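In what follows, a single structure is set out as structure tokens and then discussed.
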């Protein structure tokens, strides 16, 4: 693996906190050469291990010459300067960290702001693409207990004897190796499976149901009712390519996505919250999304205290 590829991987990894991150360019770079994906995974793993052991590293590694607070208080973007400071230093840390003895790992929190996204690599090779305005919490020595608020695409490799659990939208999702997308907000939870099979059960107890590839589950968190339907596997996680694809989902769920990408909170009136929506929205800069949905669904927009409310009736 050349230093040039590693430098490119570092640059892509550091840029993921940027609001205008080029997801299309990143995807093309990953797919151009298997070595690119290997390099990116290595750098992301180094970053994750540095975060996990930052207190120990702060005591063992001489401080680098950079402004700002000590490493223990570094924000995610500044932590990446450990990696961005040089390929050799990053790889040296990757070798040294496994030898460190530290207390039980603390939960890790990953957050994204409006218009932002990031890729999280777990130590078992699992890859999680966290969407804008979302929060993922990772717990356990094996990083196998997760909690999600918002939206994320999960790509989990099969590991015999290991089951990962993800809590989202009042549901507990159990996975043994598959690819699926979750969206969870205050009103609705949706999980759509592109590959493999998952099991879903209410977090507070109840029968689990299997969900295979090509199916999605929608749960109304207010009524606790759920229903499954077909979904095209190729559309699962399409938001990473700048497209929001919906197949008969309630308008309340669409509004949750609009809030993530339009830059303002988007709400729906009770009389239209359950109205089904199917279609493809091109995200762009997010500014035209609300108007596009309102026009398509014959709704009017009302601005209330910094939010946009979608109501029934002509605009």
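The values are calculated or read from the model by the stated rules, or taken from the named source; none is laboratory data. On a predicted model such as this, the values are computed, not experimentally measured, just so you know. Cβ coordinates were reconstructed from backbone atoms using ideal geometry, including for glycine residues, and neighbour counts include every protein chain displayed.
With respect to being in contact with a helix residue (DSSP H, G or I) (Cβ under 6 Å, 6 or more places away or on another chain) and either buried (at least 18 other Cβ atoms within 10 Å of the Cβ) or over 20 Å from residue 256 (Cα atoms) (or both), residue 213 fits the description.
Condition check ((1) at pLDDT 90 or above; (2) surrounded by fewer than 15 Cβ atoms within 10 Å (Cβ to Cβ); (3) on the phi > 0 side of the Ramachandran plot; (4) not in a loop (DSSP other than H, G, I, E, B)) across all residues:
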position: 98; (1), (2), (3), (4): no, yes, no, yes
position: 104; (1), (2), (3), (4): no, yes, no, no
position: 129; (1), (2), (3), (4): yes, no, no, yes
position: 137; (1), (2), (3), (4): yes, no, no, yes
position: 158; (1), (2), (3), (4): no, yes, no, no
position: 161; (1), (2), (3), (4): no, yes, yes, no
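Tell me which residues, restricted to the stretch 208-236, are on the phi > 0 side of the Ramachandran plot and at pLDDT below 90. Of everything in the stretch 208-236, just one residue is on the phi > 0 side of the Ramachandran plot and at pLDDT below 90, namely 224. Filter the stretch 170-193 for residues that are crowded, with 22+ Cβ neighbours inside 10 Å and farther than 14 Å from residue 221 by Cβ and give the result. Scanning the stretch 170-193 gives 173, 175, 180, 181, 192, 193.
If you go through the stretch 167-178 and keep only what is part of a strand (DSSP E or B) and under 30 Å from residue 265 (Cβ atoms), you end up with 167, 168, 171, 172, 173. Taken over the stretch 260-281, the criterion of being surrounded by 22 or more Cβ atoms within 10 Å (Cβ to Cβ) and in contact with a strand residue (DSSP E or B) (Cβ under 6 Å, 6 or more places away or on another chain) is satisfied by 266, 268, 281.
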